[in-house]
Amino acid sequence: MLIRTDPSRSAPLYTQIAASVRADAVAGRVHPGDRLPSAREVANALDVNLHTVLHAYQQLRDEGLVQMHRGRGAIVTDLAARLAGLQHDITALAAHARDSGLSPDALAALVRHAAELHPADPNPADIAADNLAVDLKEMSP
């Protein structure tokens, strides 16, 4: 698994790390049961502080995308498969919005509004989808 960050972006590094893992889940590059690289390995590879990586992993845990196990690390949950199932819809929505001249900020706001129309107890998939919408907005040129 290749975790990507861009120090020139304004988004915090922990957010970029979490976004990279999330994007790999949507693209189907990580699967339920996969073990993420240890936080120490990622920190060394990216030359960032260990706590930065742990913060990203905790964010993914809070979304339900990974489970943290002492001694075994971060394990990808079944949510990854559900996110991968959204890839076609997300790609089509982004293309349609782009073709319609909608800015990434406006698209993210519309997605967030649509997600808030049913404010029952938020489930991890909704949180991950909201974060993915923010990731898409931040990745756009």
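Each reported figure results from applying straightforward, stated rules to the coordinates on display, with no laboratory input. Just so it is clear, the model here is predicted, and its values are computed rather than measured. So basically every Cβ, Gly included, is an ideal-geometry build from the backbone, and we count neighbours across all protein chains shown.
For the listed peptides 72-79, 92-99, a ranking on the average number of other beta carbons within 10 Å per residue, highest first, reads 72-79, 92-99. The peptide list 54-67, 101-114, put in order of mean Cβ contacts within 10 Å with the highest first, becomes 54-67, 101-114. Other residues within the sphere of radius under 12 Å centred on the Cβ of Ala92, judged by their own Cβ, net out at -1 (K and R +1, D and E -1). Within the shell defined by Cβ-Cβ distances under 15 Å, the residues around Tyr57 carry a net charge of +1, with Lys and Arg each +1 and Asp and Glu each -1.
Quote the Stokes-Einstein diffusion coefficient, in whole µm² s⁻¹, for region 13-82, based on the Kirkwood radius over alpha carbon pairs, a temperature of 4 °C and a viscosity of 1.567 mPa s. Reported coefficient: 110 µm²/s.
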